[in-house]
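A.B. asks: I am attaching a structure below and will ask some questions about it afterwards.
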Amino acid sequence: MRATVLVDNEAQGLCESEWGLSILIELAYTGHCTGERAFKILQEELGEDVIKATKSGLRIELDE
């Protein structure tokens, strides 16, 4: 998975002690345990270019 984590800890108004955390998922691979239904839901929610299914024999080269 490749993701970017964004943290917003600037206090505003009544939320002085609260902060926000957002995670932007840029790329994720699912395995066979995910199942077809869950895979389709992930693709609908995050986009077809973000979620990829792995298959037996698939070779993935990772950069740093």
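The values are calculated or read from the model by the stated rules, or taken from the named source; none is laboratory data. All of these numbers come straight from a predicted model, not from anything done at the bench. Ligands, DNA and RNA are stripped out before the accessible areas are found, and what is left, the full protein with its side chains, is counted by its heavy atoms. Shrake-Rupley method; radii C 1.70, N 1.55, O 1.52, S 1.80 Å.
A.B. asks: Hey, among the residues in region 29-47 that are within 12 Å of the chain's Cα centre (by Cα) and of a type outside the set (Gly, Ala, Ser), which one's least open to solvent (accessible area, probe 1.4 Å)?
C.D. replies: Among residues in region 29-47 that are within 12 Å of the chain's Cα centre (by Cα) and of a type outside the set (Gly, Ala, Ser), the one least open to solvent (accessible area, probe 1.4 Å) is Thr30.
A.B. asks: Here's something else I'd like to know. Which of the residues that make up region 1-44 are modelled with pLDDT of 75 or more, of a type in the set (Asp, Glu) and outside any helix (DSSP H, G or I)?
C.D. replies: Result: Glu26, single match.
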